[in-house]
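Peer 1: One structure, pasted below without further comment.
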Amino acid sequence: MYLVDETELPVSALPMAEFRAHLRLGTGFAEDSLQDSVLEGFLRAAIAVIEARCSKVLMARVVTWRMRDWRDPEAQVLPLAPVTSVEAVRLLDVAEMPTEVAASLYRLDMDAHYPMLRAVGACLPAPVSGGQIEVVATVGFAADWGDVPADLQQAVLMLAAHYYEYRNETALGGGCMPFGVTSLIARYRRLSIGRMGLEGMS
């Protein structure tokens, strides 16, 4: 399975003002915007790391998953959460020509950690030999930064500030993820229950 992020967050969607306030940077000066590209880079990096650690998407965007076959023909666990809607399911032939799967043949089971695409009927439609499956979905906690859960907002700002503080550090140690960030995101991380349990679903 591989994933393509179809939507890049615009700079206007990033919490630039909140990050400046978190860093206690001065405002009202002619040079206010000089560090914007640096701050943007650290914010994007922090968001990417938090999302990767939790398998959660903070701000809403459209993603596309491709896979060779369903792991379970009755229900496929999706690799990111929260999934708010499934926009399309397509079967691709060997030439990658798509055939739309009718929405009546599947449904989305929303779950905080393991959202599923579940068959309506016996099983999900199977791809032809050598083909692929493509699932397009909208994922993310919120369209606006202010609606992202507060603890995840704080984790992003703390981690971005940590990157900013250690931006010239090339060794490990001080530049690693702070404990406070790890604590804030702990409840959002996927559970692992044994080798054959939920761990095998991720």
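The values are calculated or read from the model by the stated rules, or taken from the named source; none is laboratory data. Worth saying up front: this structure is predicted, and the values here are computed from it rather than measured. All Cβ positions, even for glycine, are placed from backbone atoms using ideal geometry, and neighbour counts span all protein chains on display. These accessible areas exclude ligands, DNA and RNA; they are computed on the full protein's heavy atoms, side chains included. Shrake-Rupley method; radii C 1.70, N 1.55, O 1.52, S 1.80 Å.
Peer 1: Would you check if there is a residue in region 66-78 being over 30 Å from Leu43 (Cβ atoms), outside any strand (DSSP E or B) and open to solvent by less than 50 Å² (accessible area, probe 1.4 Å)?
Peer 2: Yes, region 66-78 contains at least one residue that is over 30 Å from Leu43 (Cβ atoms), outside any strand (DSSP E or B) and open to solvent by less than 50 Å² (accessible area, probe 1.4 Å).
Peer 1: Give the residues of region 79-137 that are β-branched (Val, Ile, Thr) and either modelled with pLDDT under 95 or open to solvent by 40 Å² or more (accessible area, probe 1.4 Å) (or both), sorted by residue number.
Peer 2: Thr84, Val94, Thr99, Val120, Val128
Peer 1: Determine which single condition Val4 fails, assuming it passes every other condition in (1) assigned to a helix (DSSP H, G or I); (2) within 30 Å of Pro125 (Cα to Cα).
Peer 2: All conditions are met except number (1).
Peer 1: Which condition from (1) over 25 Å from Gly146 (Cβ atoms); (2) under 17 Å from the mean Cα position of the chain (by Cα) is the one that Met59 breaks?
Peer 2: Checking Met59 against (1) over 25 Å from Gly146 (Cβ atoms); (2) under 17 Å from the mean Cα position of the chain (by Cα), the one that fails is (1).
Peer 1: Give me the strands (runs of 3 or more DSSP E) completely within region 99-178, filtered to those with at least 2 residues that are without any contact (Cβ under 8 Å) to a residue 24 or more places away in the chain and over 17 Å from the mean Cα position of the chain (by Cα), ordered by residue number.
Peer 2: Per the criteria, 106-109.
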